[in-house]
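Report on one structure; see the data block that follows.
Just so it is clear, none of the values below were taken in a lab; they were calculated from the coordinates. From a predicted model like this one, the values you see are computed outputs, not experimental measurements. Methodologically, a virtual Cβ is constructed for each residue, glycine included, from the backbone with ideal geometry; neighbour enumeration extends over all protein chains shown.
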Amino acid sequence: MHLRKFTALLLIVVAMTSPRLSQAQPHPNLILTKEGVQKVRNNLGKVPLFDATVQKVKQQVDAEIAFGIDTPIPKDFSGGYTHQRHKINFLTAQKAGALYQILQDDKYAKYIRDMLFQYEAMYKDLPVHPQERSYARGKLFWQCLNDSNWLVYMSQAYDAIYDTLSKKERDTLENNLFRPFADFISIGNPQFYNRVHNHSTWGNAAVGMIALVMDDEELLQRALYGIEDDGLEIGGKDNDGGFIKVAGQKAGFLANLEDPFSPDGYYTEGPYYQRYAMYPFLIFGLAMHNAKPEMQVFEHKNNVLLKGVNALLNLSDADGEFFPLNDGQKGMSYYTASLVTAVDIAYQYGNQNPQLLSVAEKQNEVLLDQSGLTVAIGIRDGKSQPFVKNSINLSDGPDGKQGGVAVLRYGNEDLTLVFKYAAQGLSHGHYDKLSFSLYEKGDEVLQDYGLARFVNIGQKGGGNYLKENKTWAKTTIAHNTISQNEMMHFGGKYETASKHHSELYFYDDSNKDIQVVSATESNAYPGTQLHRTMAVIKSEGFKKPYLLDIMKVESEKQNQYDLPFYFMGQVLSQNFAYESPTTLSPLGKNNGYQHLYLEGKGQPTGSTTQFSWLGQGKYYTLTSATNQSDELLLTRLGANDPDFNLRREAALMIRRKNNDNTTFATVIEPHGSYSPVSELSVNSNSNIAELKVVYDDLNYTAVSIEDVKGNSSMFILANKNAAASKQHKVKIAGKTFNWTGPYHFK
């Protein structure tokens, strides 16, 4: 640490006496290189997808040039005109820079030059943004995050036209615009810049990108390692949802590359923010690869950046939409521009996996650089292979020992389970230990709500996070997992949740017809241990695979347990009676319960409860082993929501009161289909006649499934020893079962 301080100080002194260490540095040198540009030019007219992308981008940029350059005084949140205008400017400038290098048309260089000097004239007297909502207000935008977006893209534009500018012009831009800009988002806002978070990744990349163009070693060190003495209070907390400064905490780009990623490439904030962060990670990584190859950024942590692309693609459904774990907007997919960047760079600088080419084909565009050209050539030459998403278990945490996310897939995503047993996920994490969602092909069967935000829609809170994100989306009851005594996991306290993670009990996808994941959670509720086991099973007599869910609860005292299932579709039938109130009332007062209307309340009429619905032309039945004293609650979202910020979605909730140790066993069964065209209904009824917990103690839990033809199967779980070599023996209903490994199914 002392050596690094001395080195940084020495570099600052050198930078003060000699602003550039190498005056002859060639440009472009970030994303485009002279050699790469020449290869692109040599292949123009020969590579269809690349040529089509050039024409598409040219039309966009030419339209903006015709529109004229507008750099309005900032005043709006995201979604407002000034926000969108400045965003369009930096996106267009980056594209114009690529076009200038590829097409050698001076109009693109002039456009960027004129835009930069308009910003230079504005920036030196620009105050902080008038909107005060952010914990780190920007100048061009309402938050430093978006200012950093601007600098990441504008650095590429500046690099592309660097050699067209005179020294005087470059000095003016660097002294009046770029250096002050970099100082403002870093030294001026350490609470934004000096942390481990996707926000800081953008800030680090922004400072690093402009440092490479300007050949400013002091700025580059700041980008890579953060601010040594940032003045932030140990234990301090910002307004973004839980940043706490820890003594000795690392910062800078390399820390953000090291800490949030697991060795498998899973990003702890979840796929939505991994998608967002992958652009600065990869684009600055590529810039470092080109300008500072000795740093080996792509090789850092055993190629974790390139592994991250594979992990992210595997965290998508059959339609390419990312699973909305933690804060995540539904519908975000690998068609977004950041994933075009990710796929192209991963192909070029990874092992040129031909499966990535099929994703690029679906994206139908490539980067206008050497990696995009390589991808387009591979597609042209017929090298593309389908991207196959198999079952996968992704660890969480920098060392891979902080839980994880398992995705069990049967067939060609005929049924996909997403099981979350991960760490908190920084400030974008939700309080939902051992939660899950379920998909059939690309359709949600049981959903994760995602975030409560209408991104860039100004009418909804300025396009920012809504208060309902905390009062609903982050709460435990908003997810398909256990809530105890109507409380959130960890009491909804970020500081507590960040200290703990669930533990993998075992994961086994070796048999495609029965894939199992099991995990435990011991800290969500003091004195209570949760153990959830989920199996995707394709059983004889069932036309489709189904999900078996076993939630075992052990507690030191009696509690109320609520287990909701947020189904997607129209209710068809149920085998229990319920009463519907004439006036709707909230289910509770806080912790998310205040947003749930109670639409129906009943009790089981037998030991097997069934509930069926129709969604996206497909039939589903939830079958649960219930107790006579259980309550069956039909809920719908929308209470205490006067601004209609929440979707009006429904759940079946199983409530079990006055229990310490108990086990919930449930099967989610897809079956049949309905066509509104032919009006033909096929296999609309469940194939399950009875579901029972036939044995349950500290060591073993056994669940029997009997179909309508009288055929039975048994799933037995070893609760205390998951070793693959462990031999087990248990007697159930007069029959002895022997097996090896953590479970038995037959």
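General remarks:
- FRET efficiency estimate (nearest 0.05) - Cβ-Cβ, N640 to D319, R0 22 angstrom: 0.10
- Only lysines eight or more places from K720 in sequence, or on another chain, were considered; those with a Cα closer than 16 Å are K552, K729.
- Cα-based helix-to-principal-axis angle, 2-17 vs the chain, degrees rounded to 10: 30
- Between N43 and K746, the modelled label-to-label distance comes to 5.7 nm, taking each label 7 Å out from Cα in the direction of the beta carbon.
- Within straight-line reach of K589, meaning a Cα separation under 26 Å, sit the following lysines at least 8 residues removed in sequence or on another chain: K433, K460, K467, K470, K474, K493, K557, K601, K657.
- When the square roots of the Cα gyration tensor eigenvalues are ordered a ≥ b ≥ c, the ratio a/c for segment 398-526 is 1.5 or more and a/b does not exceed b/c, which makes its shape oblate.
- Paramagnetic reach from Q570 (point 7 Å along Cα→Cβ, amide N under 17 Å) across segment 598-619: 612-619
- The GluC sites (Glu not before Pro) of segment 532-611 that meet both conditions, a loop assignment by DSSP and at most 15 other Cβ atoms within 10 Å of the site Cβ, are E540, E556.
- Rounded to whole Hz, the Karplus (6.51, -1.76, 1.60) HN-Hα couplings of segment 561-570, x for glycine and proline: 10, 10, 10, x, 10, 8, 7, 10, x, 9
- Taking every C-alpha pair closer than 8 Å and separated by at least 6 residues, the mean separation divided by the residue count of segment 392-745 gives a relative contact order of 12 percent.
- Translational D in µm²/s for segment 392-745 (Stokes-Einstein at 10 °C, 1.306 mPa s, Kirkwood Rh from C-alpha pairs): 76
- Per-residue ³J(HN,Hα) for segment 81-88, Karplus 6.51 cos²θ - 1.76 cosθ + 1.60, θ = phi - 60°, Hz, x for Gly and Pro: 4, 5, 4, 5, 5, 5, 5, 4
- Principal-axis analysis of the Cα atoms of the chain puts helix 337-349 at an angle of about 80° to the longest axis.
- Bridgeable lysines around K362 (alpha carbons under 23 Å apart, same-chain partners fewer than 8 residues away excluded): K46, K56, K58, K95, K307, K330, K383, K389, K441.
- Derived scalar couplings ³J(HN,Hα) [segment 659-669; Karplus, 6.51 cos²θ - 1.76 cosθ + 1.60; whole Hz; x for Gly, Pro]: 10, 9, 9, 7, 9, 9, 10, 9, 10, 9, 10
- With respect to the chain, whose longest principal axis is taken over its alpha-carbon atoms, helix 144-161 is tilted by about 50°.
- Working note: 222 nm ellipticity from helices only, DSSP H runs with n ≥ 4, each -39,500 (n - 2.57), summed and divided by the residues of the chain, gives -9500 deg cm²/dmol to the nearest 500.
- Taking every Cα-Cα distance in segment 47-228 and sorting them into 5 Å bins starting at zero, the pair-distance distribution P(r) comes out as 1, 8, 17, 20, 20, 16, 10, 5, 1, 0 percent.
- Judged by the ratio a/c of the largest to the smallest principal axis of the C-alpha gyration tensor, segment 261-389 counts as oblate, that ratio being 1.5 or greater while a/b is no larger than b/c.
- Computed label-point distance, nm, for sites N627 and N176 using a 7 Å Cα→Cβ extension: 7.5
- Formal net charge of residues neighbouring E690 (Cβ-Cβ distance under 11 Å; K, R +1; D, E -1): -1
- Of the trypsin sites (Lys or Arg not before Pro) found in segment 402-435, no site is in coil according to DSSP while having at most 12 other Cβ atoms within 10 Å of its Cβ.
- Dimensionless Rg over Rh [the chain; C-alpha; Kirkwood]: 1.00
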